[in-house]
Amino acid sequence: MPKVVVAMSGGGGSSVAATILKEEGYDVIGATLELWPSDKLAREAENFGSCCSQSAIENARRVACRLGIPHRVINLREIFAQKVIAHFCREYSSGRTPNPCIKCNRCIKFGALLERAREFDADFVATGHYARIDKNMANGRFLLKRGIDPTKDQSYVLYALTQDQLEHTIFPLGNLTKERVWEIAQGLGSAIASKSESQDICFIPDGDRPGFLKEYVPQAAEPGPILDREGTILGAHRGIMFYTIGQRKRLGISAKEPLYVTEIDQERNAIVVGPKREVYEDELIASELNWIAMEELRRAIRAKAKIRYLHQESEATVMPVTGDKVRVKFKQPQMAIAPGQAVVFYDGDVVVGGGTIDQTGKMATWPK
């Protein structure tokens with residue numbers, strides 16, 4: 001049987017993935033990634049039980065021992081710092097809202113890890129993601145599909161995978177429900193089954209994003225004005241990197257009605273706020289495109305578009321424009337479209353492709 005390297009975080013999902021592949025007869029190697037670029041972050045990860053901590057490594061090692069498979073700890077600290085953390089800081093410093101999981105998946109778990117796997121003469125890498133891979137026999141392209149459990153589907157954060165990465169990846173959990181995965185995890189031990197799921201941002205284990213950004217890019221914490229749509233100064237902000245589109249809390253200003261961040265203006269170092277209706281927009285421009293179901297977009301298509309991981313996808317028309325960009329026109333205005341986030345296009349269960357949101361258009365009508 002083929003050899004596969006399984007990324008084992010010490011949690012239930014990746015442990016179950018390794019278990020399934022072992023039972024199916026694969027030659028399995030377990031691998032836990034060391035990603036923290038500093039000892040301080042590593043200690044914080046340990047305190048909060050985050051992935052890649054020492055306890056996570058020990059959990060993964062115990063599961064590997066139980067399965068009778070070798071276990072490796074792979075140091076990817078430098079590339080993680082360069083490709084994921086530095087990108088995260090740059091984007092927030094520019095007033096954009098990145099999704100570091102997408103960058104990590106493409107560059108680390110299915111990039112650097114796949115390269116290491118090939119050094120072990122492995123044919124595949126595998127993770128505990130809830131997604132599926134298929135192949136279009138008509139054109140030979142590998143397809144990325146949603147996991148069958150809609151409450152756990154992670155295809156959104158995998159849209160940037162290349163054809164080569166998809167060809168050499170296995171998602172053992174894609175056809176399972178979270179209840180079935182939990183049942184299998186129970187058999188691996190209470191410590192594995194009870195381990196909480198990874199944090200939204202794994203390298204900020206305490207969840208203090210503003211504190212993290214202030215420490216890593218203090219020069220970007222430059223105060224500036226909070227403005228309304230007409231340019232009237234309503235207050236002062238403490239640095240554009242601490243704010244996101246659609247944010248309502250912690251603005252430090254009072255008004256007759258709730259105000260939301262509607263724009264982050266880096267040139268003026270300003271935060272623009274307005275009532276909720278001004279947060280809705282019906283179109284965007286995206287770049288840094290990655291197409292999965294097709295080689296490129298040659299004409300306008302209809303698709304379901306998703307602008308955030310936990311956002312409900314909505315009907316849209318996707319149109320090619322010059323400079324490897326697309327214009328996305330939504331049937332209904334969407335709340336808080338944020339530059340820096342990803343927009344991912346679906347045709348049923350199939351991920352057609354996606355890209356990074358660059359610009360947003362003007363809100364057309366107030367949604368009913």
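The values are calculated or read from the model by the stated rules, or taken from the named source; none is laboratory data. If you're wondering where the values come from, they're calculated on a predicted model, not measured in any experiment. So basically every Cβ, Gly included, is an ideal-geometry build from the backbone, and we count neighbours across all protein chains shown. These accessible areas exclude ligands, DNA and RNA; they are computed on the full protein's heavy atoms, side chains included. Shrake-Rupley method; radii C 1.70, N 1.55, O 1.52, S 1.80 Å.
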Hey, Gln334 touching a Phe, Trp or Tyr at 6+ places or on another chain (Cβ under 7 Å), over 14 Å from Tyr156 (Cα atoms) and polar (S, T, N, Q) or not: yes
Give the residue, chosen from Arg250, Arg327, that is without any contact (Cβ under 8 Å) to a residue 40 or more places away in the chain and among the basic types (Lys, Arg). Arg250
Can you pull out the residues in the range 339-368 that are of a type in the set (Phe, Trp, Tyr) and modelled with pLDDT under 95? Trp366
Is it true that some residue in the range 343-350 is in contact with a helix residue (DSSP H, G or I) (Cβ under 6 Å, 6 or more places away or on another chain) and touching a residue at least 40 places away in the same chain (Cβ under 8 Å)? yes
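If I filter the range 120-143 for residues that are part of a helix (DSSP H, G or I) and either under 29 Å from Gln82 (Cα atoms) or at pLDDT below 95 (or both), do I get at least one hit? Walk me through it before giving the result.
Taking the range 120-143 as the starting set, the residues that turn out to be part of a helix (DSSP H, G or I) are none.
No, that holds for no residue.
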Would you confirm, using the coordinates I've provided, whether Leu227 is crowded, with 18+ Cβ neighbours inside 10 Å, touching a residue at least 40 places away in the same chain (Cβ under 8 Å) and over 30 Å from the mean Cα position of the chain (by Cα)? yes
Only residues that are among the hydroxyl-bearing types (Ser, Thr, Tyr), crowded, with 19+ Cβ neighbours inside 10 Å and not in a helix (DSSP H, G or I): list them for the range 89-114, please. Thr97
Selection from the range 69-84 of residues surrounded by fewer than 22 Cβ atoms within 10 Å (Cβ to Cβ), part of a helix (DSSP H, G or I) and touching a residue at least 12 places away in the same chain (Cβ under 8 Å) yields Arg77, Glu78, Ile79, Ala81, Lys83
Pair list, Cβ < 7 Å and 6+ apart or interchain, from the range 159-178 residues that are in contact (Cβ under 8 Å) with a residue 12 or more places away in the chain to residues that are crowded, with 21+ Cβ neighbours inside 10 Å and among the polar types (S, T, N, Q): Ala160/Asn105; Leu161/Asn105; Phe171/Thr127
Quick one: would you say Ala117 is touching a strand residue (DSSP E or B) at 6+ places or on another chain (Cβ under 7 Å), farther than 18 Å from Gly354 by Cα and assigned to a loop (DSSP other than H, G, I, E, B)? no
Please enumerate the residues belonging to the range 115-158 that are open to solvent by less than 10 Å² (accessible area, probe 1.4 Å) and under 25 Å from Asn75 (Cα atoms). Ala117, Val125, Ala126, Thr127, Leu158
